[in-house]
Amino acid sequence: MTNNEETNEALLQLQDSDESIRNQAALSLGWMGEKEVVNPLIHVLLNDKSEKVRANAAMSLGQLGFEEAIDSLIKSLKDEDYNVRGMSIYSLGLMKATTALGALIELLKNDPDREARIAAAETLAQLGKEEAIQPLVFTFVNEENKDVKREAKESFEKLAKLHNTKGIELLIKEEEADKTKRAIAFHQKEREKIIDSLQNKEIEKKRSEKIATLVLELPQQLDYAIHNEEISYEVICAEFDCDNVTLELALNQMPKEHFNLEIDSINRHFKVIKPQAKLSDEAKMKIKLLRKKFGVSW
(Lines give C-alpha, C1' and ligand atoms only; values in the text may rest on other atoms or scores of the structure.)
Protein backbone atom coordinates (compact mmCIF):
# COMPACT_ATOMS: atom_id res chain seq x y z
CA MET A 1 0.00 0.00 0.00
CA THR A 2 1.40 3.42 -0.99
CA ASN A 3 1.63 6.36 1.37
CA ASN A 4 -1.40 7.97 -0.32
CA GLU A 5 -3.40 4.77 0.05
CA GLU A 6 -2.44 4.50 3.73
CA THR A 7 -3.43 8.12 4.29
CA ASN A 8 -6.79 7.69 2.53
CA GLU A 9 -7.46 4.52 4.50
CA ALA A 10 -6.68 6.28 7.80
CA LEU A 11 -8.90 9.22 6.86
CA LEU A 12 -11.78 6.82 6.22
CA GLN A 13 -11.13 5.11 9.53
CA LEU A 14 -11.26 8.51 11.22
CA GLN A 15 -15.00 8.50 10.49
CA ASP A 16 -15.61 4.92 11.68
CA SER A 17 -18.33 4.29 14.29
CA ASP A 18 -15.87 2.18 16.30
CA GLU A 19 -13.99 4.36 18.80
CA SER A 20 -10.89 2.13 18.82
CA ILE A 21 -10.57 2.38 15.03
CA ARG A 22 -10.95 6.18 15.09
CA ASN A 23 -8.46 6.30 17.94
CA GLN A 24 -5.81 4.37 15.99
CA ALA A 25 -6.44 6.44 12.85
CA ALA A 26 -6.03 9.73 14.74
CA LEU A 27 -2.74 8.45 16.16
CA SER A 28 -1.32 7.10 12.87
CA LEU A 29 -2.14 10.22 10.85
CA GLY A 30 0.39 12.19 12.88
CA TRP A 31 3.22 10.14 11.38
CA MET A 32 2.16 10.56 7.77
CA GLY A 33 3.37 14.15 7.50
CA GLU A 34 0.85 15.25 4.91
CA LYS A 35 -0.97 18.57 5.08
CA GLU A 36 -4.22 17.13 3.74
CA VAL A 37 -4.83 15.35 7.05
CA VAL A 38 -4.77 18.57 9.11
CA ASN A 39 -8.39 19.67 8.59
CA PRO A 40 -9.85 16.18 9.24
CA LEU A 41 -7.80 15.99 12.45
CA ILE A 42 -8.96 19.47 13.47
CA HIS A 43 -12.57 18.41 12.93
CA VAL A 44 -12.00 15.36 15.13
CA LEU A 45 -10.21 17.42 17.77
CA LEU A 46 -13.13 19.82 18.12
CA ASN A 47 -16.06 17.45 17.54
CA ASP A 48 -15.37 13.76 18.27
CA LYS A 49 -17.37 12.44 21.23
CA SER A 50 -14.44 10.33 22.43
CA GLU A 51 -11.88 12.11 24.61
CA LYS A 52 -9.26 9.50 23.63
CA VAL A 53 -9.74 10.23 19.92
CA ARG A 54 -9.64 14.00 20.57
CA ALA A 55 -6.42 13.63 22.59
CA ASN A 56 -4.72 11.60 19.84
CA ALA A 57 -5.84 14.14 17.24
CA ALA A 58 -4.27 16.91 19.36
CA MET A 59 -1.01 14.98 19.62
CA SER A 60 -0.91 14.24 15.88
CA LEU A 61 -1.49 17.89 15.01
CA GLY A 62 1.49 18.82 17.15
CA GLN A 63 3.65 16.20 15.47
CA LEU A 64 2.62 17.42 12.02
CA GLY A 65 3.43 21.00 13.02
CA PHE A 66 1.27 22.90 10.53
CA GLU A 67 0.32 26.43 11.67
CA GLU A 68 -3.27 25.95 10.49
CA ALA A 69 -3.89 23.82 13.57
CA ILE A 70 -2.78 26.36 16.17
CA ASP A 71 -6.09 28.19 16.64
CA SER A 72 -7.96 24.91 17.06
CA LEU A 73 -5.41 23.63 19.57
CA ILE A 74 -5.84 26.86 21.54
CA LYS A 75 -9.63 26.30 21.51
CA SER A 76 -9.14 22.77 22.79
CA LEU A 77 -7.35 24.13 25.88
CA LYS A 78 -10.92 24.51 27.18
CA ASP A 79 -11.87 20.91 26.41
CA GLU A 80 -13.73 19.26 29.29
CA ASP A 81 -11.23 16.38 29.36
CA TYR A 82 -7.86 17.06 31.02
CA ASN A 83 -6.03 14.61 28.71
CA VAL A 84 -7.18 16.56 25.66
CA ARG A 85 -6.08 19.81 27.30
CA GLY A 86 -2.74 18.22 28.20
CA MET A 87 -2.08 16.95 24.66
CA SER A 88 -3.04 20.33 23.22
CA ILE A 89 -0.56 22.04 25.55
CA TYR A 90 2.13 19.56 24.51
CA SER A 91 1.45 20.16 20.81
CA LEU A 92 1.46 23.96 21.16
CA GLY A 93 4.87 23.65 22.82
CA LEU A 94 6.19 21.46 20.02
CA MET A 95 5.00 24.03 17.48
CA LYS A 96 6.44 27.01 19.45
CA ALA A 97 3.00 28.59 19.14
CA THR A 98 3.62 31.96 20.78
CA THR A 99 0.07 33.09 19.93
CA ALA A 100 -1.05 30.62 22.62
CA LEU A 101 0.81 32.53 25.34
CA GLY A 102 -2.25 34.24 26.87
CA ALA A 103 -4.38 31.10 26.80
CA LEU A 104 -1.59 29.05 28.43
CA ILE A 105 -1.12 31.65 31.18
CA GLU A 106 -4.86 31.59 31.86
CA LEU A 107 -4.80 27.79 32.01
CA LEU A 108 -1.74 27.83 34.30
CA LYS A 109 -3.60 30.01 36.80
CA ASN A 110 -7.04 28.43 36.65
CA ASP A 111 -7.06 24.85 35.33
CA PRO A 112 -8.31 22.44 38.02
CA ASP A 113 -6.01 19.62 36.85
CA ARG A 114 -2.51 19.47 38.33
CA GLU A 115 -0.99 17.78 35.26
CA ALA A 116 -2.43 20.41 32.93
CA ARG A 117 -0.94 23.20 35.05
CA ILE A 118 2.45 21.46 35.09
CA ALA A 119 2.33 21.05 31.29
CA ALA A 120 1.38 24.72 30.88
CA ALA A 121 4.35 25.86 33.00
CA GLU A 122 6.73 23.66 30.99
CA THR A 123 5.32 24.84 27.65
CA LEU A 124 5.60 28.51 28.64
CA ALA A 125 9.33 27.95 29.08
CA GLN A 126 9.48 26.26 25.66
CA LEU A 127 7.84 29.27 24.02
CA GLY A 128 10.72 31.39 25.31
CA LYS A 129 8.76 34.59 25.91
CA GLU A 130 9.93 36.90 28.71
CA GLU A 131 6.29 37.96 29.31
CA ALA A 132 5.68 34.54 30.86
CA ILE A 133 8.09 35.15 33.76
CA GLN A 134 5.71 37.18 35.91
CA PRO A 135 2.77 34.72 35.60
CA LEU A 136 5.14 31.85 36.40
CA VAL A 137 6.40 33.71 39.48
CA PHE A 138 2.78 34.33 40.46
CA THR A 139 2.10 30.59 40.18
CA PHE A 140 5.25 29.70 42.11
CA VAL A 141 4.22 31.95 45.01
CA ASN A 142 0.48 31.19 45.06
CA GLU A 143 0.21 27.56 43.89
CA GLU A 144 -0.49 24.99 46.60
CA ASN A 145 0.64 21.90 44.70
CA LYS A 146 4.39 21.34 45.17
CA ASP A 147 4.89 19.76 41.72
CA VAL A 148 3.30 22.72 39.95
CA LYS A 149 5.35 25.10 42.10
CA ARG A 150 8.55 23.28 41.18
CA GLU A 151 7.77 23.33 37.44
CA ALA A 152 6.83 27.03 37.57
CA LYS A 153 10.14 27.83 39.31
CA GLU A 154 12.20 25.82 36.81
CA SER A 155 10.39 27.52 33.93
CA PHE A 156 10.84 31.12 35.08
CA GLU A 157 14.48 30.41 35.90
CA LYS A 158 15.03 29.13 32.32
CA LEU A 159 13.34 32.19 30.87
CA ALA A 160 15.25 34.56 33.16
CA LYS A 161 18.52 32.97 32.06
CA LEU A 162 17.49 33.08 28.39
CA HIS A 163 16.65 36.79 28.53
CA ASN A 164 19.23 37.73 31.18
CA THR A 165 16.34 39.06 33.27
CA LYS A 166 17.39 40.76 36.52
CA GLY A 167 15.43 41.29 39.73
CA ILE A 168 13.69 37.90 39.93
CA GLU A 169 14.17 37.73 43.71
CA LEU A 170 12.57 41.15 44.05
CA LEU A 171 9.70 40.02 41.83
CA ILE A 172 9.15 37.01 44.11
CA LYS A 173 9.20 39.21 47.24
CA GLU A 174 6.70 41.63 45.68
CA GLU A 175 4.40 38.75 44.76
CA GLU A 176 4.68 37.34 48.29
CA ALA A 177 3.75 40.77 49.67
CA ASP A 178 0.76 40.93 47.31
CA LYS A 179 -0.26 37.43 48.40
CA THR A 180 -0.20 38.57 52.05
CA LYS A 181 -2.30 41.63 51.18
CA ARG A 182 -4.83 39.47 49.32
CA ALA A 183 -5.01 37.07 52.26
CA ILE A 184 -5.61 39.95 54.69
CA ALA A 185 -8.27 41.43 52.39
CA PHE A 186 -9.93 38.02 52.02
CA HIS A 187 -10.06 37.42 55.77
CA GLN A 188 -11.34 40.95 56.33
CA LYS A 189 -14.10 40.34 53.80
CA GLU A 190 -14.99 37.03 55.47
CA ARG A 191 -15.03 38.77 58.85
CA GLU A 192 -17.34 41.46 57.49
CA LYS A 193 -19.66 38.76 56.09
CA ILE A 194 -19.86 37.13 59.53
CA ILE A 195 -20.50 40.48 61.22
CA ASP A 196 -23.18 41.33 58.64
CA SER A 197 -24.77 37.94 59.17
CA LEU A 198 -24.83 38.41 62.94
CA GLN A 199 -26.20 41.93 62.54
CA ASN A 200 -28.88 40.69 60.19
CA LYS A 201 -29.85 38.01 62.69
CA GLU A 202 -30.01 40.65 65.41
CA ILE A 203 -32.12 42.90 63.15
CA GLU A 204 -34.50 40.03 62.39
CA LYS A 205 -34.71 39.16 66.08
CA LYS A 206 -35.65 42.77 66.92
CA ARG A 207 -38.11 42.83 64.03
CA SER A 208 -39.80 39.65 65.31
CA GLU A 209 -40.06 41.16 68.79
CA LYS A 210 -41.55 44.38 67.40
CA ILE A 211 -44.07 42.44 65.27
CA ALA A 212 -45.16 40.52 68.38
CA THR A 213 -45.69 43.82 70.22
CA LEU A 214 -47.71 45.30 67.37
CA VAL A 215 -49.88 42.20 67.01
CA LEU A 216 -50.60 42.31 70.73
CA GLU A 217 -51.13 46.04 71.30
CA LEU A 218 -52.30 47.58 68.02
CA PRO A 219 -55.69 45.74 67.90
CA GLN A 220 -56.61 47.42 71.20
CA GLN A 221 -56.15 50.80 69.53
CA LEU A 222 -57.92 49.73 66.37
CA ASP A 223 -61.01 48.98 68.44
CA TYR A 224 -61.40 52.79 68.41
CA ALA A 225 -61.10 52.98 64.64
CA ILE A 226 -64.11 54.05 62.54
CA HIS A 227 -65.32 51.88 59.67
CA ASN A 228 -63.35 52.51 56.45
CA GLU A 229 -61.05 54.97 58.24
CA GLU A 230 -57.68 55.46 56.55
CA ILE A 231 -54.71 55.25 58.90
CA SER A 232 -51.21 56.25 57.79
CA TYR A 233 -48.23 53.97 58.34
CA GLU A 234 -46.30 57.02 59.48
CA VAL A 235 -48.28 57.68 62.64
CA ILE A 236 -48.29 54.03 63.72
CA CYS A 237 -44.56 53.65 63.02
CA ALA A 238 -43.80 56.81 64.98
CA GLU A 239 -45.76 55.55 67.96
CA PHE A 240 -44.34 52.01 67.96
CA ASP A 241 -40.84 52.95 66.72
CA CYS A 242 -40.85 50.60 63.77
CA ASP A 243 -40.33 50.71 60.01
CA ASN A 244 -42.92 50.25 57.27
CA VAL A 245 -41.89 46.66 56.53
CA THR A 246 -42.23 45.63 60.17
CA LEU A 247 -45.64 47.30 60.43
CA GLU A 248 -46.92 45.65 57.29
CA LEU A 249 -45.74 42.22 58.44
CA ALA A 250 -47.59 42.81 61.71
CA LEU A 251 -50.76 44.03 59.97
CA ASN A 252 -50.88 40.79 57.98
CA GLN A 253 -50.78 38.84 61.23
CA MET A 254 -53.54 40.81 62.99
CA PRO A 255 -56.44 38.77 64.41
CA LYS A 256 -59.63 39.19 62.37
CA GLU A 257 -62.27 38.50 65.02
CA HIS A 258 -63.55 42.08 65.21
CA PHE A 259 -62.41 43.80 62.01
CA ASN A 260 -60.58 43.35 58.72
CA LEU A 261 -57.83 45.48 57.24
CA GLU A 262 -57.34 46.76 53.72
CA ILE A 263 -53.59 47.31 53.33
CA ASP A 264 -52.28 49.72 50.70
CA SER A 265 -48.50 49.09 50.51
CA ILE A 266 -47.91 51.57 47.72
CA ASN A 267 -49.49 54.56 49.46
CA ARG A 268 -48.47 53.34 52.92
CA HIS A 269 -51.76 53.35 54.69
CA PHE A 270 -54.44 50.88 55.71
CA LYS A 271 -58.17 50.98 56.35
CA VAL A 272 -60.08 49.34 59.17
CA ILE A 273 -63.22 47.63 57.89
CA LYS A 274 -66.08 47.36 60.42
CA PRO A 275 -69.21 46.99 58.29
CA GLN A 276 -71.35 45.96 61.24
CA ALA A 277 -70.73 49.24 63.06
CA LYS A 278 -72.78 52.07 61.51
CA LEU A 279 -72.09 55.24 63.47
CA SER A 280 -73.57 58.72 63.41
CA ASP A 281 -71.33 61.72 63.00
CA GLU A 282 -71.82 62.46 66.72
CA ALA A 283 -70.70 58.93 67.63
CA LYS A 284 -67.67 59.22 65.41
CA MET A 285 -66.72 62.49 67.13
CA LYS A 286 -67.04 60.84 70.56
CA ILE A 287 -64.76 57.98 69.44
CA LYS A 288 -62.13 60.47 68.28
CA LEU A 289 -62.32 62.23 71.64
CA LEU A 290 -61.92 58.90 73.41
CA ARG A 291 -58.86 58.16 71.28
CA LYS A 292 -57.28 61.40 72.37
CA LYS A 293 -58.04 60.61 75.99
CA PHE A 294 -56.31 57.24 75.73
CA GLY A 295 -53.30 58.64 73.82
CA VAL A 296 -54.11 57.21 70.39
CA SER A 297 -52.37 59.54 67.98
CA TRP A 298 -54.27 58.96 64.71
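The values are calculated or read from the model by the stated rules, or taken from the named source; none is laboratory data. The structure displayed is predicted, hence computed values, not measured ones. Positions of Cβ are generated from backbone atoms using ideal geometry, with glycine treated the same way; all protein chains shown enter the neighbour counts.
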If TYR224 passes every condition in (1) modelled with pLDDT under 90; (2) within 30 Å of LEU261 (Cα to Cα); (3) assigned to a helix (DSSP H, G or I) but one, which one does it miss? (3)
In the stretch 131-179, how many residues are more than 13 Å from ARG117 (Cβ to Cβ) and not in a helix (DSSP H, G or I)? 4
Using the structure shown, decide if ILE89 is touching a Ser or Thr at 6+ places or on another chain (Cβ under 9 Å) and either at pLDDT 95 or above or under 30 Å from LYS149 (Cβ atoms) (or both). yes
Can you tell me which of (1) touching a Leu at 6+ places or on another chain (Cβ under 8 Å); (2) crowded, with 19+ Cβ neighbours inside 10 Å is the one ILE118 doesn't meet? (1)
Residues (buried (at least 17 other Cβ atoms within 10 Å of the Cβ) and either modelled with pLDDT under 90 or among the polar types (S, T, N, Q) (or both)) located in the stretch 234-271: THR246, MET254, PHE259
Starting from the stretch 124-141, take each residue that is surrounded by 20 or more Cβ atoms within 10 Å (Cβ to Cβ) and list its partners that are among the aromatic types (Phe, Trp, Tyr), counting only C-beta distances under 8 angstrom and pairs at least six apart or across chains. ALA125/PHE156; ALA132/PHE156; ILE133/PHE156; LEU136/PHE156; VAL137/PHE156; PHE140/PHE156
Kindly check whether there is at least one residue in the stretch 145-152 that is under 22 Å from GLY102 (Cβ atoms) and surrounded by fewer than 15 Cβ atoms within 10 Å (Cβ to Cβ). no
Could you figure out which of (1) over 28 Å from ASN110 (Cβ atoms); (2) crowded, with 17+ Cβ neighbours inside 10 Å isn't true of GLU36? (2)
Identify, by number, the condition in (1) within 29 Å of the chain's Cα centre (by Cα); (2) more than 29 Å from ASP243 (Cα to Cα); (3) at pLDDT below 95 that LYS166 doesn't meet. (1)
